[in-house]
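Colleague: Handing you a structure now.
The values are calculated or read from the model by the stated rules, or taken from the named source; none is laboratory data. All values derive from a computational prediction rather than experimental measurement. Cβ: placed from backbone, ideal geometry, glycine included. Neighbour counts: every protein chain shown. Calculation scope for accessible area: heavy atoms of the full protein, side chains included, ligands and nucleic acids excluded. Shrake-Rupley method; radii C 1.70, N 1.55, O 1.52, S 1.80 Å.
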Number of protein chains: 2
Amino acid sequence: MSQRVTILDVAADADVSIASVSAALNGRPGVSKDTRARIIQSAERLGWVPSVRGRGLSGKRSYALGLVLARQPEVIESDPFFAGFIAGVEGELQSRGYALVLQLAGRNEGPDRYRQLHLDHRVDGVFITDMSVDDPRVALVTELGLPAVAINSGPGCAITSVRQDQNAGFGELVRRVVELGHRDIAHVAGRRGMIHTRQRIDVWRSTLHAAGIRPGSLVYGDFSTESGSRAADRLLSGPGPAPTAVVCANDLMAIGFIARASSLGYDVPRDVSVTGFDGIHLGRYIRPALTTVVTSPRELGAEAAKTLLKLVDGQAVADLDIAPTHLLERDSLLAPMR
Amino acid sequence: MSQRVTILDVAADADVSIASVSAALNGRPGVSKDTRARIIQSAERLGWVPSVRGRGLSGKRSYALGLVLARQPEVIESDPFFAGFIAGVEGELQSRGYALVLQLAGRNEGPDRYRQLHLDHRVDGVFITDMSVDDPRVALVTELGLPAVAINSGPGCAITSVRQDQNAGFGELVRRVVELGHRDIAHVAGRRGMIHTRQRIDVWRSTLHAAGIRPGSLVYGDFSTESGSRAADRLLSGPGPAPTAVVCANDLMAIGFIARASSLGYDVPRDVSVTGFDGIHLGRYIRPALTTVVTSPRELGAEAAKTLLKLVDGQAVADLDIAPTHLLERDSLLAPMR
DNA sequence: CTGAAAGCGCTTACAG
DNA sequence: CTGAAAGCGCTTACAG
């Protein structure tokens, strides 16, 4: 439709060379104040926006950052992390002319996708979320020399990391459960191999040990609501006595657990207390309202973006910790009745 | 890190010109079978992947499609459409070397974002979702000459559209409510000005009229859980009699409504039946399990992507309708007790 | 069937 | 302070 306006048009209009236009618009030195003003005026009048394509080819950048999500669509659907994180990232990228390239990958496809994004020169850097123990993506980006930021990685991760401490909040939660008088406290863990699955199990165990209580049953789920429901089957319909409290590794599993527990005739929280982790919005609206630990995906996204942008610019960057998670008590946690 | 391998390296390795390499790798004619095979072998051995940057500059394409979501992060967080739609889009793009550029925008920021994506030459086409009546983005993309596909647009939309009929499913739902004996049926509508808000109100009204029933109260929400909760306040704690059934324009509002209704002392569905729309995964896990209409965001995304890709290629494309939504009855809908 | 060359829209040394 | 020119990595007429 509209004829494409290029740097040549602006240069002609302002009666300078394209080099001056480029320098002026990018705030580089070597242009007099007057010339710069004239150029900017021309650019604005012509409505010129540097083409990210031309700029990219020449500057060896793509001005885009990549995020590959390797989760089941069902979990992404209801998981707060996804939208919040992206919103945080976006807020930082937009003003700097960067775009976010998003991909959804199947299990284990993740590394290939990152490699492809790099080979294509599609992105200048990537975010790595949902980290597993010995995550292969860490070695990959290192090998490729691809700038990357790891989100909530384990201690000593080889690449730059942005984290929100989740252990303190989760420990606080477990201590609160103990404080209320529970002595048989089960844990519904996340997917095996994930770093935060591991961390939550450790915190659950050590907090109980510290309180002189023997950890209750441990059941693995996969963070989906469905797996929380299955965990309820295993913990509540077995031969042994049911736990009085069940701390779940995320809110979705807690919701699934509560639903199934109710179907099995349990009254939550009178018969069994159930807690989640994440602080999803819906937790406030289910019955009973969910006691959980509130995380900050949006802030994590914003800080991760800032950090990655610096890395792409070649700046040295230190790991960053944002304010820790905190306990949010609602109705699903109560002192034990028996 | 690794030295960048370009088309020149492949040409040298295969002992041909770069033009032949380009032709061979893109499946264009003008290369003998032998030469093509040799070139492909060289490319593979060297691990060459055409740079999307060089290709984009030359081919006047960016090999990316844009999606701007102008919703409250809170709604995106729990809305199934988002993740499902993106998953569907992604499935189609990946094999064709296209990427998805995702942006989150504030209210009314949408058009500017689309314009910017186009000026930057960042994308070759865009998806337009969450359409409002007289959506300004329709005129914008037309003016820009930017290929675009509208999702669930109204009839007679000026740009190519991919739709899933929602009226049939919603009408079926309302008829079912009537059939169970309800006579005072309220509607919690979505955000004013949205096309599907309008459509659902019309279907609710016309279906009741056809059954000889006067439509009950109409309350506007904004698709958020919170607004569903507020709607419950208005419909259930007023002076007049409460409706015996409330059909909500989406699942999140229904969940909010149910939560608040319970707090107000109502038993759902015995005192009041509540239904949703969308078919989000969690609907199965709330108490009572939600009666709703199931939509197919993933399929919508896949078809929208195929359509947009064709448009970008300059092909003529007709509007497309995927299989319609359908009613899913669960526990939140019951015959009226009074 | 194959190659030399121009061009896409920028940035970046390098001269002046 | 300013400009002419090369180069980024491809695609695409155009010759041969």
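Colleague: Any idea of B:V178's accessible area? Nearest 10 Å², probe 1.4 Å.
Modeller: The accessible area comes out at roughly 20 Å².
Colleague: Once amide H atoms are placed 1.01 Å from N in the peptide plane, what residues at a sequence separation of 5 or more from B:H326, or on another chain, have their amide H within under 5 Å of its amide H?
Modeller: Long-range HN contacts for B:H326: B:V294.
Colleague: Can you sort B:D233, B:D202 by solvent-accessible area, 1.4 Å probe, largest first?
Modeller: Working: B:D233 50, B:D202 75 Å².
Ranking B:D233, B:D202 by accessible area, largest first, yields B:D202, B:D233.
Colleague: For the stretch B:167-295, what % of the accessible area comes from carbon and sulfur atoms, probe 1.4 Å?
Modeller: Solvent-exposed carbon and sulfur of the stretch B:167-295 make up 45 percent of the total.
Colleague: Ok, one more. What does the convex hull of the Cα atoms come to per residue for chain A, in Å³?
Modeller: Output value, Cα hull per residue: 160 Å³.
Colleague: Would you check the accessible area of B:E143, probe 1.4 Å, heavy atoms only, in square angstrom rounded to 10?
Modeller: Spelled out: B:E143, probe radius 1.4 Å, area about 110 Å².
Colleague: Continuing with the same structure: Hey, got the average number of other protein chain Cβ atoms within 10 angstrom for residues in B:58-65?
Modeller: Details: counts 2, 1, 2, 1, 7, 2, 6, 0.
So the per-residue partner count for this stretch is 3.
Colleague: Heavy-atom accessible area of A:V268 with all protein chains present, probe 1.4 Å, nearest 10 Å²?
Modeller: Per-residue accessible area (A:V268): approximately 20 Å².
Colleague: Taking a cut-off of 14 Å, what percent of all Cα-Cα pairs in the stretch A:45-97 are separated by more than that?
Modeller: On the way: 922 of 1378 pairs.
Result for the distance tail: 67 percent.
Colleague: Leaving out ligands and nucleic acids, note down the accessible area per residue over chain A with a 1.4 angstrom probe, in whole Å².
Modeller: 41
Colleague: Could you give the nm distance between label points at B:L46 and B:D134, where each point is 7 Å from its Cα heading toward the beta carbon?
Modeller: For the pair B:L46/B:D134, the computed spacing is 5.8 nm.
Colleague: Ok, one more. Could you rank A:V312, A:V133 by how accessible they are, 1.4 Å probe, largest area first?
Modeller: A:V133, A:V312
Colleague: Output, in nm with one decimal and in ascending order, the distances from the B:P29 label point to the matching label points of the other copies (7 Å from Cα along Cα-to-Cβ).
Modeller: 5.8
Colleague: Next question, about the same structure. Hey, for B:I18 with labels 7 Å out along Cα-Cβ, what do the inter-copy distances come to in nm, ordered shortest first?
Modeller: Distances to the matching label points in the other copies: 1.6 nm.
Colleague: Probe radius 1.4 Å, ligands and nucleic acids ignored: give me the carbon and sulfur share of the accessible area of the stretch B:7-50 as a rounded percent.
Modeller: 54
Colleague: Also, quick follow-up: What is the log10 of I(q)/I(0) for the protein assembly as shown, computed with the Debye formula using one identical point scatterer on each Cα and no solvent, at q = 0.06, 0.07, 0.10 Å⁻¹?
Modeller: Normalising to I(0) and taking log10 leaves -0.40, -0.53, -1.02.
Colleague: With N denoting the number of residues in the stretch B:124-253, provide Rg(C-alpha) divided by 2.2 N^0.38 Å, to two decimal places.
Modeller: 1.21
Colleague: Pull up all non-local amide H partners of A:Y63: gap of 5 or more, or a different chain, and H-to-H distance under 5 Å with H placed in the peptide plane.
Modeller: Those qualifying (amide H under 5 Å, at least 5 residues apart or on another chain) are A:D124.
Colleague: If each residue of separation counts as 0.36 nm, what is the full-extension length gain between B:D15 and B:D321 once their alpha-carbon separation is subtracted? Each step should come with its number before you reach the end.
Modeller: Details: separation 306, 0.36 × 306 = 110.16 nm, distance 5.01 nm.
Working it through step by step, the gained length comes to 105.1 nm.
Colleague: Next question, about the same structure. Using a 1.4 angstrom probe on the protein heavy atoms only, could you order A:D331, A:D9 from most to least accessible area?
Modeller: A:D331, A:D9
Colleague: Once B and A are treated as a pair rather than alone, how much accessible area drops out, both sides summed, in Å² to 100, probe 1.4 Å?
Modeller: 5400
Colleague: Assuming a viscosity of 1.567 mPa s and a temperature of 4 °C, what translational diffusion coefficient in µm² per second does Stokes-Einstein assign to the stretch A:202-331, Rh being the Kirkwood radius over Cα pairs?
Modeller: 79
Colleague: If you don't mind, another one. In the stretch B:7-50, if every C-alpha pair distance is counted and binned at 10 Å from zero, what percent goes to each bin?
Modeller: Pair shares across the bins are 35, 61, 4.
Colleague: Relative to the longest principal axis of the C-alpha atoms of chain B, give the angle of the C-alpha long axis of helix B:110-119, reported between 0 and 90° and rounded to the nearest 10°.
Modeller: That helix lies at roughly 10 degrees to the long axis.
Colleague: Now for a separate question. Percent antiparallel among DSSP beta bridges with both residues in the protein assembly as shown, to the nearest 5? Walk me through the numbers before you get to the answer.
Modeller: Values: 9 of 67 bridges.
The answer is about 15 percent antiparallel.
Colleague: If you project the alpha carbons of the stretch B:27-134 onto their three principal axes, what span does each projection cover, largest first, in Å?
Modeller: So the three principal-axis extents are 56, 28, 23 Å.
Colleague: If you don't mind, another one. Which residues' amide hydrogens lie under 5 Å from the amide hydrogen of B:L104, considering only partners 5 or more residues apart or on another chain, with H built in the peptide plane?
Modeller: Distant-sequence amide H within range of B:L104: B:L69.
Colleague: While we're looking at this one, here's another question. Relative to the other copies, what are the label-point distances for A:H209, with labels 7 Å from Cα along the C-beta vector, expressed in nm at one decimal and sorted shortest first?
Modeller: 7.1
Colleague: I need the calculated FRET efficiency for the pair A:V294 and A:L180, taking r as the beta carbon distance and R₀ as 22 Å, to the nearest 0.05.
Modeller: That gives a FRET efficiency of 0.70.
Colleague: Could you sort out which of B:K60/B:K306; A:K33/A:K306; A:K310/B:K60; A:K60/A:K306; A:K60/A:K310 sit more than 27 Å apart by Cα distance in this structure?
Modeller: Pairs exceeding the cut-off: A:K33/A:K306; A:K310/B:K60.
Colleague: Indicate the residues belonging to the stretch B:279-327 that lose 40 Å² or more of solvent-accessible heavy-atom surface (probe 1.4 Å) upon moving from the chain alone to the assembly of all protein chains, ignoring ligands and nucleic acids.
Modeller: By number: B:H281, B:L282, B:Y285, B:R287.
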